[in-house]
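Reviewing the structure listed below.
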Amino acid sequence: MCKKRLPLLVTVLMGLSFADVCGQTPSTPPAQTKAVPPRTVKDQVLVSTEMPAVRLKFDNAFKYVGTQDFISYEVARAEQHFFVDTDKEGRIKRMYWVQFEGYLPANTHSYNYRSNQKVNLGGLEFIADAYARKVQAGGRPDSDGARAQAFLTGKGYRMASDEVLMQRLVHLVDEARRNELMVIYMEDLGPMKLTAADLAKDGKAAAQWDEIAKGLLERAGKWMSVIR
């Protein structure tokens, strides 16, 4: 995703392949072959066959609620998948947002992240950065974050509060840095009795941020396994 956007993947392509009959009318209809989608989800495992080829397994506490794909900011193709842990009213306490994204051939853009922190999960290197944020409506409706929010709202889900912690993990797929796998782990900040403003550099709880960020990263990796 574009670097300063907070809360996007490669589009699932479905097609039909027909035999070439060289202009002759066959006595029986040609075989119809259905393309295998590059990414599927079954039994808590998201399987990607390309860009990158990987399996992501999520704890049973997180319910898979679906996927969507779109063109992001007219420059990249994005595909999102969501796993949520909610209360009985559909309020999200914790969630994983997985996004496969790649720039379109028509441009020469590349991904450039500022964070120097890196973690290895299942043999894949991820750039890691964390945030405390107040989720607000509005902004660009075509952003990956706005689309994610609209998708979840359409499914009947919403964050338990508008104060959240976010751990972003980004794996750059190719040397040209034009394709990425992004995983965002998000959780409600409410139980900590803090706000995003409290954890800002000049906030009353700023001194707690390093310890909170450390715990957030640990939890992000606790309920998701990366399998090669």
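What single numbered condition from (1) of a type outside the set (G, A, S); (2) at pLDDT 95 or above; (3) in contact with a Lys or Arg (Cβ under 9 Å, 6 or more places away or on another chain) fails to hold for L199?
Here L199 meets the rest and fails (3).
Hey, could you check the range 51-77 for residues that are in a strand (DSSP E or B) and touching a Phe, Trp or Tyr at 6+ places or on another chain (Cβ under 6 Å) and say which is surrounded by the most Cβ atoms within 10 Å (Cβ to Cβ)?
A76
Looking only at the range 129-140, decide whether some residue is in a strand (DSSP E or B) and closer than 22 Å to V54 by Cα.
Yes, that holds for at least one residue.
In the range 113-128, which residues are of a type outside the set (D, E, K, R) and assigned to a loop (DSSP other than H, G, I, E, B)?
Here is the first cut: in the range 113-128, the ones of a type outside the set (D, E, K, R) are 113, 115-117, 119-124, 126-128.
Within the range 113-128, Y113, S115, N116, Q117, G122, G123 meet the criteria.
I'd like to know if the range 144-157 contains one or more residues that are among the acidic types (D, E), surrounded by fewer than 18 Cβ atoms within 10 Å (Cβ to Cβ), at pLDDT below 95 and within 17 Å of the chain's Cα centre (by Cα).
No, there is no match, as no residue in the range 144-157 is among the acidic types (D, E), surrounded by fewer than 18 Cβ atoms within 10 Å (Cβ to Cβ), at pLDDT below 95 and within 17 Å of the chain's Cα centre (by Cα).
Determine which member of the set R168, R219 is basic (K, R), at pLDDT 95 or above, under 26 Å from R91 (Cβ atoms) and in a strand (DSSP E or B).
R168
Identify all residues within the range 179-216 that are acidic (D, E) and either surrounded by fewer than 13 Cβ atoms within 10 Å (Cβ to Cβ) or assigned to a strand (DSSP E or B) (or both); write none if there are none.
E180, E187, D188, D202, D210, E211
Name the pairs: first residue in the range 110-133 and on the phi < 0 side of the Ramachandran plot, second residue of a type in the set (D, E) and surrounded by 14 or more Cβ atoms within 10 Å (Cβ to Cβ), Cβ to Cβ under 6 Å, at least 6 apart or on different chains?
Y111/E180; S115/D129
Among the numbered criteria (1) among the hydrophobic types (A, V, I, L, M, F, W, C); (2) more than 26 Å from A176 (Cα to Cα); (3) part of a loop (DSSP other than H, G, I, E, B); (4) at pLDDT 95 or above, which single criterion is violated by M14?
(4)
Out of all the residues in the range 95-143, which are in contact with a Lys or Arg (Cβ under 8 Å, 6 or more places away or on another chain), closer than 24 Å to K214 by Cβ and surrounded by 14 or more Cβ atoms within 10 Å (Cβ to Cβ)?
Listed by number, the residues that qualify are Y113, G122, L124, F126, I127, A128, D129, A130, Y131.
Scan (1) closer than 30 Å to D69 by Cα; (2) surrounded by 13 or more Cβ atoms within 10 Å (Cβ to Cβ); (3) among the small types (G, A, S) for the single condition A176 breaks and write down its number.
Status for A176: all satisfied but (2).
When you go through (1) over 15 Å from the mean Cα position of the chain (by Cα); (2) under 21 Å from V135 (Cβ atoms); (3) modelled with pLDDT of 95 or more one by one for Y73, which number turns out not to apply?
The one condition Y73 does not meet is (3).
When L165 is evaluated against the numbered criteria (1) closer than 20 Å to D59 by Cβ; (2) over 16 Å from the mean Cα position of the chain (by Cα), which criterion, by number, is the only one it fails?
(2)
The values are calculated or read from the model by the stated rules, or taken from the named source; none is laboratory data. What you see is a predicted model; the values in this text were computed from it and never measured. As a convention, Cβ positions derive from the backbone with ideal geometry for all residues, glycine included, and neighbour counts pool all protein chains shown.
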